[in-house]
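Student: Quick one: the structure is below, questions incoming.
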Amino acid sequence: MKHNKADNVNGWLIVDKPKNMGSTQVVGKTRYLMHANKNGHTGTLDPFATGVLPIAFGEATKLVPFVTDGNKEYEFVLKFGEQTVTDDTESEVVATCNKIPSEAEILAAIPEFVGEITQIPSAFSAIKINGQQAYKLARKGENVEIPPRKIKIFSLELLEYHGKTAKFRVKCSKGTYVRTLGKDLALSLGSLGHLTELRRTQCGIFSLKDKILLENLEKIEYVEERRKFLLPTETSLRDIAEIAVSEDDAIKLSKGQCLSVKGYDVKASESLSAAMCDDCLVALVRIDDKKISPIRVFNLMKEKEK
């Protein structure tokens, strides 16, 4: 089937981002491969990093904040004894030391980095300073001061120890800079350190089990076959409550109208719920004692009817 015009494509594509490719490049490549008119990613992965990069298409882009705000999991390799400007292998070594911590020392230090901790991310990060990304200013040689931030480390596990290098798994809140975590861990052990590998294994509810390699997607000849790897838009909401609504009420919600709670077995809640009609996501709603209010409306029913 030949396509001349981009289509309305909806859903999630979970890409295993390759090394040395920017997240924006992945967005452009997948938009082309899916022949879609709209898509976006759920939070930048540095070119240095690999792993789970959820790409939202069409109506799924309305759910990007829910995935971006989710917790993350990474595996990383930390090399001791050398410090670089960017805290990874993307820049030159600027300091060295002879202290290489033992496995026992690392295990003893890990508890200090679990729980709520304070980080000062690298100047070579995507954090915006006066509207500009810090790394762009840093590469111009400008002095970049990034304020400390509170983050949560839910777990930090030593997976492998090889003397000069050690492999870890970390589960953390959004906003965590793993390169900074590695550097700070090395410093706490009286050493220096930088990351030689960084791989995101989970982003919100998406993990490596959902992923597809870009190179495999490129090998598929027909667009329709590539689209079979898309997950439904509502997949990202699998952890929130659902409420089934009638077709008439679905139309009201899609127009931004509230529904009466009468006739629905629901309880008031501060949390959002997903209003569904015939297994189709209609709206994200908030429920109080009197009404069901649409917070975010989706056009998936219209697409389904086409």
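Student: Please work out the Cα center distance from the stretch 144-176 to the stretch 64-78, rounded to the nearest Å.
Tutor: What the calculation gives is 11 Å, centre to centre.
Student: What is the Å³ per residue value for the convex hull set by the Cα atoms of the stretch 240-305? Walk me through the intermediate numbers first.
Tutor: On the way: hull volume 4.9 nm³, N = 66.
Given the Cα convex hull of the stretch 240-305, per-residue volume reads 75 Å³.
Student: Taking the chain as a Gaussian network, Cα atoms linked when under 10 Å apart, which of 104, 274, 60 shows the biggest mean-square fluctuation?
Tutor: Residue with maximal mean-square fluctuation among 104, 274, 60: 104.
Student: Let's test this: bin the Cα-Cα distances of the stretch 1-127 at 5 Å from zero up to the farthest pair and state each bin's percent.
Tutor: Distribution as computed: 2, 8, 14, 16, 16, 14, 10, 7, 6, 4, 2, 1, 0 percent.
Student: Write out the GluC sites (Glu not before Pro) in the stretch 1-98 meeting two conditions: DSSP loop, and at most 13 other Cβ atoms within 10 Å of their Cβ.
Tutor: Working: sites: 59, 73, 75, 82, 90, 92; in loops: 90, 92.
Filter output for the stretch 1-98: 92.
Student: With log10 I(q)/I(0) by the Debye sum over Cα atoms at q = 0.09, 0.13, 0.16 Å⁻¹ in mind, check (i) -0.49, -0.99, -1.39; (ii) -0.39, -0.87, -1.42; (iii) -0.56, -0.99, -1.24 and report the label derived from this structure.
Tutor: For log10 I(q)/I(0) by the Debye sum over Cα atoms at q = 0.09, 0.13, 0.16 Å⁻¹, the calculated option is (iii).
Student: Could you list, in their original order, any pairs among 17/62; 150/211; 174/211; 171/209; 17/255; 255/291 whose Cα atoms are separated by more than 26 Å? Each step should come with its number before you reach the end.
Tutor: Working: 17/62 22 Å; 150/211 30 Å; 174/211 20 Å; 171/209 17 Å; 17/255 38 Å; 255/291 15 Å.
With Cα atoms farther than 26 Å apart: 150/211; 17/255.
Student: Let me ask something additional. Taking neighbour Cβ counts within 10 Å as the exposure measure, how do 277, 203 sort from fewest upward?
Tutor: Details: 277 22, 203 26.
If I rank by nearby Cβ atoms, fewest first, I get 277, 203.
Every number here is computed from the coordinates shown, using simple stated rules; none is lab data. Keep in mind it's a predicted model, so treat the numbers as computed, not measured. Positions of Cβ are generated from backbone atoms using ideal geometry, with glycine treated the same way; all protein chains shown enter the neighbour counts.
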